[in-house]
């Protein structure tokens, strides 16, 4: 008998509805429904609680292969959550360009190091795009941090590529505007993301 069939059978045997089982496991009814239809597995903590609620051992509830599948799935989720957290922090760190003197401001014969709000030696359009790049990336970082537990498939699929694209665009834009310190800072953040992506493969 497959895991999803076992849950249905044991739940019915215990006289519990999906909603009642969900309440005892501190999950939603939709989550229990997903498990029973074979579209997912509970995490280890939910499994322990389920075994207790249904008066069965984890060994009787799952085969070794299923237990291995759950462990792998949980490891992937933990890795994805950690990566998402770090990407959010790195993207939010771009807001530091609003306060740190990384920009070169031409002042007669010499160049002063200033933060973005004090930058006056470039055209208005470039300054506007600079603000858009910095604020958009920082806000995307805030969104990544705020939506840590958001399990929408589209968001999970697009958040990392979107974050990476914003970083690449930032580096390219500030290369074009000849801001070497800003480029170095953004390139460092981008390389950190690259290392994380390589390690998570």
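The values are calculated or read from the model by the stated rules, or taken from the named source; none is laboratory data. The structure displayed is predicted, hence computed values, not measured ones. Here the Cβ positions follow ideal geometry from the backbone for every residue, glycine too, while neighbour counts run over all protein chains shown.
So the values come out like this:
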quantity: Complete set of residues in the stretch 136-164 that are in contact with a helix residue (DSSP H, G or I) (Cβ under 8 Å, 6 or more places away or on another chain) and over 17 Å from residue 83 (Cα atoms); calculated: 136
quantity: Selection status of residue 159, under 25 Å from residue 101 (Cα atoms), in a helix (DSSP H, G or I) and out of contact with any strand residue (DSSP E or B) (no Cβ under 6 Å at 6 or more places or on another chain); calculated: no
quantity: Selection status of residue 10, part of a helix (DSSP H, G or I), farther than 30 Å from residue 133 by Cα and in contact (Cβ under 8 Å) with a residue 24 or more places away in the chain; calculated: yes
quantity: Answer residue from the stretch 98-125, given it is touching a strand residue (DSSP E or B) at 6+ places or on another chain (Cβ under 6 Å) and assigned to a strand (DSSP E or B) and is surrounded by the most Cβ atoms within 10 Å (Cβ to Cβ) among those; calculated: 103
quantity: Counted residues, the stretch 165-191 - those being part of a helix (DSSP H, G or I) and crowded, with 16+ Cβ neighbours inside 10 Å; calculated: 13
quantity: Breaking point among (1) surrounded by fewer than 12 Cβ atoms within 10 Å (Cβ to Cβ); (2) more than 14 Å from residue 182 (Cα to Cα), for residue 87; calculated: (1)
quantity: Qualifying positions in the stretch 67-114 - in the same structural domain as residue 191 (by TED's automatic domain parsing), more than 18 Å from the chain's Cα centre (by Cα) and farther than 16 Å from residue 130 by Cβ; calculated: 107, 108, 109, 110, 111, 112
quantity: Index of the failed condition, residue 134 passing every other in (1) in contact (Cβ under 8 Å) with a residue 12 or more places away in the chain; (2) outside the structural domain of residue 178 (by TED's automatic domain parsing); calculated: (2)
quantity: Sole residue being more than 25 Å from residue 159 (Cβ to Cβ), touching a residue at least 40 places away in the same chain (Cβ under 8 Å) and surrounded by 12 or more Cβ atoms within 10 Å (Cβ to Cβ), chosen from 67, 49, 61; calculated: 61
quantity: Failed condition for residue 39, given (1) part of a helix (DSSP H, G or I); (2) within 24 Å of the chain's Cα centre (by Cα); (3) surrounded by fewer than 13 Cβ atoms within 10 Å (Cβ to Cβ); calculated: (1)
quantity: Condition met for residue 175 (touching a helix residue (DSSP H, G or I) at 6+ places or on another chain (Cβ under 7 Å) and free of Cβ contacts under 8 Å to residues at least 24 places away in the same chain); calculated: yes
quantity: Residue within the stretch 74-82 that is closer than 22 Å to residue 150 by Cα, in contact (Cβ under 8 Å) with a residue 40 or more places away in the chain, surrounded by 13 or more Cβ atoms within 10 Å (Cβ to Cβ) and out of contact with any helix residue (DSSP H, G or I) (no Cβ under 8 Å at 6 or more places or on another chain) present; calculated: yes
quantity: All positions within the stretch 20-31 that are in a helix (DSSP H, G or I), free of Cβ contacts under 8 Å to residues at least 24 places away in the same chain and surrounded by 13 or more Cβ atoms within 10 Å (Cβ to Cβ); calculated: 20, 22, 23, 29, 31
